[in-house]
Amino acid sequence: MPKKNHPRGNAKRKETPGSIHGVDLFCGAGGLTRGLEIAGINVRLGIDIDPACEHPYDANNDASFLLKSVIEIAAVDLANAYDDAPFKLLAGCAPCQPFSSYSHAWSCPEDERWNLLEHFSRLVKETSPHLVTMENVPRLEREDVFVDFVAALEDEEFEVFHTIVNCADYGVPQQRQRLVLLASKLGPIKLIPPTTPEGHRISVRKAIGDMPPLVAGEGCEADPLHQACGLSSLNLRRIRASKPGGTWRDWDEDLRAACHRKKSGKTYPSVYGRMTWDDPSPTMTTQYFGFGNGRFGHPEQDRAISLREGAILQSFPKTYEFVPEGDPIYRKRIGRLIGNAVPVELGIATGKSIVLHVEEWLDSQERAA
């Protein structure tokens, strides 16, 4: 059965001297894979431990999906994906929760997720790819586990580049700071310059301004993911009192939550807010579909953004399929898949950087011959 929303369906890429075969560890719903594929990389396999990832990954991408823990993965699991490719890429975004600012207070090295980068490093040694990329939260850059990861790559004779980027600089209609790493055995590698720097960033209006209007608690018949959570009568009053880009501090005292009336709560304004039309959105979290969970109120409609709008702000195509047709929509599950995803446009920028690097290396080899 052809994959519905993918522009190439199941068409096989024509192999060239510069062909890159990729494996996407911790692939999630497929944001990174989709971006790499669009950039010209032949991603052959995605691996994740979450069964909910299988349908969106399989339905929207050319790569196969393997439901397996990276802890249990060995080189033999990746061999068929790489075949005799001229260039091999190992990519991945290990779960970022242990290193995020939201969970750092309670997460610790005993959390088994801290060790996933060690397994990523192990697979690099076992499979000997030419290229490696990873994406994660900026805080990881300061952790010993990341320093060790970089050192292990350098021990394997990779040239390593890493930087903190704002995804809004790379076509994502969202303010999202991420750590991006690129490593190559071919020589120095770096990320391409910003494609949408400040002054050219994609706004909320451009991204979702043409979406059908919704009332809180209702959905769109044409797209089951374009549905908005209901609001209590109190939250309906609150969102009506909210200004785009404002905070709960704009409200009358009787609308404020008890915690925000305390001195200790006055320093947390980034909840119960509306987005602004003419700027990128705030960072999409796994609970972006709830008005009280951040600045996720629609700029003008009295509701939180829909599941689909959050996916679009993560730069997924509007037709990206997250559940089989007719299946129930579980907001928390889909919100988790979308909020945790690598934005597709960041994946494209990463892929273009890798493709350009390989092309330049091939050109240099040809000149030297």
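The values are calculated or read from the model by the stated rules, or taken from the named source; none is laboratory data. For clarity, every value in this text was computed on a predicted model and none was experimentally measured. Reconstructed Cβ throughout: ideal geometry from the backbone, glycine too, with neighbour counts over all protein chains shown. Side chains included, ligands, DNA and RNA excluded: accessible areas come from the protein's heavy atoms. Shrake-Rupley method; radii C 1.70, N 1.55, O 1.52, S 1.80 Å.
Within region 185-237, report the GluC sites (Glu not before Pro) that DSSP leaves as loop and that have at most 12 other Cβ atoms within 10 Å.
On the way: sites: E198, E218, E221; in loops: E198, E218, E221.
Sparse-neighbourhood loop GluC sites (Glu not before Pro): E198, E221.
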Part-to-part distance (alpha-carbon centres) for region 16-88 and region 145-200, which is given in Å:
20 Å
Solvent-accessible area, 1.4 Å probe, carbon plus sulfur percent, for the chain
50 percent
Mind checking the per residue accessible area of region 248-369 for me, 1.4 Å probe, whole number of Å²?
46 Å²
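Would you mind checking K14/K318; K68/K185; K88/K352; K185/K352; K332/K352; K68/K332 for any pair whose Cα atoms are more than 25 angstrom apart?
Details: K14/K318 28 Å; K68/K185 28 Å; K88/K352 15 Å; K185/K352 17 Å; K332/K352 33 Å; K68/K332 22 Å.
Those over the limit are K14/K318; K68/K185; K332/K352.
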Listed residues K14, K243, K352; largest mean-square fluctuation, Gaussian network over the chain with Cα springs below 10 Å, found at K14
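To the nearest 500 deg cm²/dmol, what mean residue ellipticity at 222 nm is calculated for the chain from DSSP H runs of n ≥ 4 alone, each contributing -39,500 (n - 2.57), summed and divided by the residues?
Details: 11 runs with 106 residues, N = 369.
That calculation yields -8500 deg cm²/dmol at 222 nm.
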Compute the angle between helix 344-368 and the longest alpha-carbon principal axis of the chain, please, reported from 0 to 90 degrees and rounded to the nearest 10.
20 degrees
